[in-house]
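Below: one structure, written as structure tokens.
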Amino acid sequence: MSLTPSKRAYVPFVSVEHMMGLVHHIGIEQVLTDLASEIEADFRRWPLFDKTPRVASHSDVGVIELMPTSDGETYGFKYVNGHPKNTAEGLQTVTAFGLLAEVESGYPTLLSEMTLLTALRTASTSAMAAKHLAPKGARTMAMIGNGAQSEFQCLAFKAICGINTVRLYDIDASATKRCARNLAAQGLTVVECRSGQEAMEGAQIITTCTADKQYATILTDNMVGSGVHINAIGGDCPGKTELHRDILLRSSIFVEYPPQTRVEGEIQQLEHDHAVTELWKVIEGQVSGRTDDRQITLFDSVGFAIEDFSALRYIAKAVKGTPFFTQLDMIADPDDPRDLFGMLQRAKP
């Protein structure tokens, strides 16, 4: 019997190096735009998916999560952590990897890094939501929190929503300077601000993305005027928020999956039956998004597994015919499926 694995034993693996090469090969703004289209297409078939809140293991220092879903043909999951303390130790706050598999056989079809891909898909989801909710003609965005996600957000809003000016603020001035430096040649007008209030001057879109795992008030009620769109992406676990409760009470709130968002999002501050709108229904035209010029729209985004599923499927298609993956010998594949032990013995030196 052959000791050479069959083709089904090999799984395409996209490493961090591969992901960076693929993004530069396609172009980062094109990738962000492509991802937004892929995610929006899956939101349009939202009812087809298995949906469950992510499985989270919390500790005093962070959280480790699994995010699974399936459309009946393909299964996908993401492993992801969130450890705010990591930055001070020279480590990433968020790391991730993900997998796709055939539902019919259970065999994996893709394994990929998702630290970079999560940053890309989060930004694409934000901008995709804003396309449906933000004021028409919005050109200025306040970016509150200038950590690892900030540049991706700014470029996604530029590519997908037409933003041309970003106003940056972080309590760590060095983070703002780094973000401004990284965006300097990206076709945006970049303004470094000394306070959150200053950052919001003239902004029609406000994005909050901070990392502290605590109830926080990044935006107070008096800071938010009528007619803006708020993209709140920093609050993503129990006990972690960014917006004052009064802002929520003045806003039309849009969410991904209510059972998850009510536990993890800004709306954990509100009564459990407070009215929210599922974003997929806006995209499908079942309900209205923005209805008037004075309305405050809030996308209370915590990240949902379908977005990762969309991103992984995009990568699976994008790497075909490119050098940006390797074949990983990942599945034990004996000639006789019942003779796994025999395969092991025949490989003995």
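Here, each number is a calculation from the coordinates, and none is a lab measurement. Quick caveat, the model's predicted, so the values are computed rather than measured. All Cβ positions, glycine included, derive from the backbone under ideal geometry; neighbour counts span all protein chains shown.
A compact table of results
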item	result
Ordering of 321-329, 300-308, 251-259, 171-179 by packing [mean C-beta count within 10 Å, highest first]	300-308, 251-259, 171-179, 321-329
Segment Val16-Tyr107, length gained on full extension (0.36 nm per residue, minus Cα span)	30.5 nm
Residue order, fewest to most surrounding Cβ atoms within 10 angstrom, among Trp46, Trp280	Trp46, Trp280
Value of [θ]222 nm, deg cm²/dmol, for the chain, DSSP H segments ≥ 4, -39500 (n - 2.57) each, nearest 500	-9500 deg cm²/dmol
The chain: angle of helix 150-161 to the longest principal axis, Cα-based, in degrees nearest 10	80
Filtered trypsin sites (Lys or Arg not before Pro), region 265-349: DSSP coil and at most 11 other beta carbons within 10 Å	Arg294, Lys320, Arg338
Unit charges at the beta carbon, dipole of the chain: most positive-side option, Ile230, Tyr10, Ala199	Ala199
FRET efficiency estimate (nearest 0.05) - Cβ-Cβ, Thr322 to Thr189, R0 35 angstrom	0.55
Normalised contact order of the chain, rounded percent, pairs of Cα under 8 Å and 6 or more residues apart	22
Part-to-part distance (alpha-carbon centres) for region 145-182 and region 274-294, which is given in Å	27
Using alpha-carbon coordinates, inclination of helix 173-183 to the longest axis of the chain, degrees	70
Pair Arg8, Thr52: separation of 7 Å Cα→Cβ label points (nm)	2.6
Efficiency of FRET between Arg338 and Asp172 - r from beta-carbon atoms, R0 45 angstrom, step 0.05	0.15
Approximate spin-label separation Asp71-Asn164, in nm, with each point projected 7 Å along Cα-to-Cβ	3.6
Relative contact order (percent, whole number), region 124-304, Cα cutoff 8 Å, 6+ residue spacing	23
Sparse-neighbourhood loop sites, GluC sites (Glu not before Pro) in region 79-132 - DSSP loop, at most 11 other Cβ within 10 angstrom	Glu104
Spin-label zone in region 156-180 - amide nitrogen under 18 Å from a point set 7 Å from the Cα of Glu29 along the C-beta vector	156-167, 180
Over 30 Å (Cα to Cα) - which of Lys158/Lys320; Lys7/Lys78; Lys85/Lys131; Lys78/Lys158; Lys136/Lys317 fall in this group	Lys85/Lys131; Lys136/Lys317
Cβ-Cβ FRET estimate between Ser37 and Gln286, R0 fixed at 25 Å, reported to 0.05	0.80
Fewest-first ranking of Ile283, Ile247, using other Cβ atoms within 10 Å as the exposure measure	Ile283, Ile247
